[in-house]
């Protein structure tokens, strides 16, 4: 500010110095100019100071708001990271639990399948034995019918019983 005052005072003096000695009324005009500038500064200085102070306050308040928002966003980020870690641990524990459950279910299905296969084998053996007995009975009954219907064969009762015993066993 002082530089601008000196510059306004010295500029007319330089103009006077270059006049070549002619008589100009530069000194009274310079004094009037300086007085005008002083009065102008007197009236404008306070509003200018207030304007700059208000401007500085607005900028500082905006800066404070930005810093608060930055702090809030950092807190939100921290909370989000914390929640992410919790979700990761929860997901890993859920994965472990799911694997254990899958193993348990797999073992259970294997045992059930094994039991069903054993049951099917048992039923198969029973059915096979039943069919064998049924077939033996049919063969014996056919043989007996043949023997009784055939008149050329003469067998005694104990021979028939021996034949039947041999066929059955």
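Structure data summary
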| item | result |
| --- | --- |
| Filter result (surrounded by 11 or more Cβ atoms within 10 Å (Cβ to Cβ) and at pLDDT 75 or above) within segment 145-165 | 161, 162 |
| Residues located in segment 111-141, provided they are closer than 17 Å to residue 165 by Cβ and free of Cβ contacts under 8 Å to residues at least 24 places away in the same chain | 133, 137, 141 |
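The values are calculated or read from the model by the stated rules, or taken from the named source; none is laboratory data. No experiment lies behind these values; they were computed from the predicted model shown. A quick note on method: Cβ atoms are made from the backbone with ideal geometry, for glycine too, and the neighbour counts reach across all protein chains shown.
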